[in-house]
Amino acid sequence: MTMHTWTTYRCDCGHIGAAHTKENDQPYSANWGVTTLEGLGGTEQAPTCGACHHPLGAGHIVPGKPREYPAPDGRTP
Ligand SMILES: [Zn+2]
């Protein structure tokens, strides 16, 4: 089974994006995970705002609302 986790970031400029992590939690398969940045720039380790390119850190994470943001392409993740 694949676990999906979204970490939502809100920039000081108001732009919202997310890091979407897919992980396989099967105990007998190799550990793997892939993180896709949605609406963000930079890298998984150092995301930046997709609008103003401001560096985003732990202080920009929106707690408890992992899915309440519009995806860049308009769909609900
Ligand atoms: Zn910004």
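The values are calculated or read from the model by the stated rules, or taken from the named source; none is laboratory data. Since we're looking at a predicted model, the values are computed, not measured. Every residue, glycine among them, receives a Cβ derived from its backbone with ideal geometry; neighbour counts consider all protein chains shown. The accessibility values were calculated without ligands, DNA or RNA, using every heavy atom of the protein model including side chains. Shrake-Rupley method; radii C 1.70, N 1.55, O 1.52, S 1.80 Å.
Mind checking whether some residue in the range 4-15 is part of a strand (DSSP E or B) and open to solvent by 70 Å² or more (accessible area, probe 1.4 Å)? Yes, the range 4-15 contains at least one residue that is part of a strand (DSSP E or B) and open to solvent by 70 Å² or more (accessible area, probe 1.4 Å). Taking the criterion of being at pLDDT 90 or above and open to solvent by 40 Å² or more (accessible area, probe 1.4 Å), the residues of the range 51-77 that qualify are 51, 52, 53, 54, 55, 58, 59, 61.
Here is a check on your reading of the model: is residue 19 among the aliphatic types (A, V, I, L, M), loosely packed, with under 11 Cβ neighbours inside 10 Å and at pLDDT below 95?
When the stated conditions are applied, residue 19 does not pass them.
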